[in-house]
1. Going by the conditions given, is Ile104 crowded, with 18+ Cβ neighbours inside 10 Å and touching a Leu at 6+ places or on another chain (Cβ under 7 Å)?
2. Inside region 400-452, can you point out the residues that are among the hydrophobic types (A, V, I, L, M, F, W, C), assigned to a helix (DSSP H, G or I) and within 14 Å of the ligand (Cβ to nearest atom)?
3. For region 132-152, name all the residues that are of a type outside the set (S, T, N, Q) and under 27 Å from Glu191 (Cα atoms).
4. Could you figure out which of (1) crowded, with 23+ Cβ neighbours inside 10 Å; (2) under 25 Å from the mean Cα position of the chain (by Cα) isn't true of Ile85?
5. Just the residues that are touching a Gly at 6+ places or on another chain (Cβ under 7 Å) and either assigned to a loop (DSSP other than H, G, I, E, B) or more than 18 Å from Ser181 (Cβ to Cβ) (or both), please, taken from region 76-106.
6. Would you please name the residue that is nearest to Phe483 (Cα to Cα), looking only at residues in region 319-332 that are in contact (Cβ under 8 Å) with a residue 40 or more places away in the chain and not aromatic (Phe, Trp, Tyr)?
7. Test each condition in (1) crowded, with 21+ Cβ neighbours inside 10 Å; (2) out of contact with any Lys or Arg (no Cβ under 9 Å at 6 or more places or on another chain); (3) within 17 Å of Thr173 (Cβ to Cβ) for Glu39 and report the one that comes out false.
8. Give, as residue ranges, the strands (runs of 3 or more DSSP E) completely inside region 183-294 that count at least 2 residues that are touching a residue at least 24 places away in the same chain (Cβ under 8 Å) and β-branched (Val, Ile, Thr).
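The values are calculated or read from the model by the stated rules, or taken from the named source; none is laboratory data. Every value quoted in this text rests on a predicted model; they were computed, and no experiment measured them. In this analysis, Cβ positions are derived from the backbone assuming ideal geometry, glycine residues included, and neighbour counts consider all displayed protein chains.
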Amino acid sequence: MCGIIGYVGNKQAYPVLINGLYRLEYRGYDSAGVAIMNEEENELFLYKSQGKVSQLDAKITGKKTAGTIGIAHTRWATHGEPNDINAHPHSSQSGDLVIIHNGIIENYIPLKKELIGRGYSFKSDTDTEVLIQLIEDIQLNENLDLFEAVRSALNQVIGAYAILVFSRSNPDTLIAARKSSPLVIGKKMGEYFIASDPTPIVEYTKDVVYLNDEEIAIIKRNQDLRIKTIRNKDKTPYFEKLEMSLSALEKGGYDHFMLKEIFEQPHSVSNCMRGRLDPRKGSISLGGISDYLQKMTNADRILIIACGTSWHAGLVGEYLFEDLARIPVEVEYASEFRYRNPVISENDIVIVISQSGETADSLAAIKLAKSKGATIIGICNVVGSSISRASHAGSYTHAGPEIGVASTKAFTAQVTILTMMALLIGRKKGTITRSKYFQYIHELNQIPKKIKHVLKSNDDIWKIAENYKNTRNFLYLGRGYNFPVALEGALKLKEISYIHAEGYPAAEMKHGPIALIDEEMPVVVIATNKGTYEKVITNIMEVKARKGKIIAIITKGDETVKELADYYIEIPETEEFLVPLLATIPLQLLSYHMAILRGCNVDQPRNLAKSVTVE
Ligand code: AGP
């Protein structure tokens, strides 16, 4: 997610800004920039670059940075790929106004068209540059001060924003505004620190105001803070004391990024559906694939290619597309696909799933499939990543930066995208009736709330982990939609706790793995299935008959399995095809707690990288 930091006061701004950018790095980003106004010389210094904050810092070394007002930004690209031009801050046409922005202006295209019609030109592909041009256009045409121009512009904007704006001609005032994206203002003896979260502020002051949605702050050095709503209503600033320590803030108050990202899933799954799923209208729209939707609907075959956790999401995708849209699907490990001389035709739809969008094998698989004429649909979390750029079309998961090496929120976001694709195509093909479509969309819309409910089991799951932390092997069993969940649960455990774990289709246990079962072998069974429930019960009995220990993921209220299991975790009832979005959560938490109890480095497990950009 983008990071924002601003300063106005009596000290040099640059040290506060660059230090603030370093503090905001944990949010994940792909470019950074800074703008400082020097009143004495009446000069604006604006530096920005793709890449790390350290690269920006190096680029600025030896350059002019003197000034006591400035803004700085780390960009997590949404509109426009990561490069120097698209990096923030952005200036208005006259060069007088400068802005940084965290969020998405959904109606930036019509606004941009209108501004171009009025003679404005644009350097970047960003929605942010449209906003600063709009503010300038309003200020010039209506002869307004900066606050009024920002207020008027924000009344025309649809979307989410946290912005900081200042004007060269008025270099003692910062205007801050927010809607859906956070902004916090710290105050200390006549100076102000503004940021996306308290991380860059807490070392200077603990007196902060959290801006509320549709509020605008007028921030002047050596003066009281003024806050108004975008409807021009005065608001009294409510200052509160920051309790948190700096180190805690870098992980949003969580001990590890992985735990933070597990708990972000109600939000990240909501974000993934935002602007795409409309439960009131009963509609799904995936703009990123609209040009290829008919081709996908008519496809004779869909190939899904990925690695690791993304491959497990792809396996859920196979069940989704075959069950809901009746399209044959083959799921391939990218590393195998690219070297086995696969049969590919121009009729094939190839969906490539990748959180980082940089996995070398997946990228190579795309190149091979593309060379044979297939259509490539990308599902990535990183905007502007190589895989997203190499695809013909696709959908970003918008899960926000995933910093923990073990993928969690990206998985549920990937499955959410695949679910929306399968539902949309199933409806277009008529394999899903209108009434069922409404019902499924309504239930999918409930999933973030139901994930929140599952997260309440966190303490119970810690107790289960306490019991098994010294186990050397685990078996994960699931049927149907839960088979990929069993695989994903096993991968989570082995990659962060270093315990050997295997995922298996539950019925396959009889064909070998049952030989492993004894009192030392805990077996995690995802037992929520409706269609094959009795058969899963049989599998549980087979394990118990050999003294195996059962940890069951069950549908809330399932008294039968409660009786049979040594431990159980309940998840809310939902449609069978939506269970992976809920059943995976307890397995993420189980692996997290096991790893912590074993003293493992959860966020940077040994031997693993967040993105495998080499073969
Ligand atoms: C999952 O927890 C691992 N970090 C790993 O398997 C990962 O899913 C795999 O490397 C694929 O990465 P990608 O989604 O960025 O392509």
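1. Numbers: crowded, with 18+ Cβ neighbours inside 10 Å: yes; touching a Leu at 6+ places or on another chain (Cβ under 7 Å): no.
No: the conditions fail for Ile104.
2. Ala410, Phe411, Ala413, Val415, Ile417, Leu418
3. Step one: filter region 132-152 for residues of a type outside the set (S, T, N, Q), giving 132, 134-138, 140, 142, 144-151.
The answer is Ile132, Ile135, Glu136, Leu144, Asp145, Leu146, Phe147, Glu148, Ala149, Val150, Arg151.
4. Evaluating Ile85 over (1) crowded, with 23+ Cβ neighbours inside 10 Å; (2) under 25 Å from the mean Cα position of the chain (by Cα) leaves (1) as the failure.
5. Correct list: Trp76, Ala77, Glu81, Pro82, Asn86, Ala87, His88, Pro89, Glu106.
6. Leu320
7. If we test Glu39 against (1) crowded, with 21+ Cβ neighbours inside 10 Å; (2) out of contact with any Lys or Arg (no Cβ under 9 Å at 6 or more places or on another chain); (3) within 17 Å of Thr173 (Cβ to Cβ), just (1) comes out false.
8. Filter on region 183-294 gives 184-188, 207-210, 215-220.
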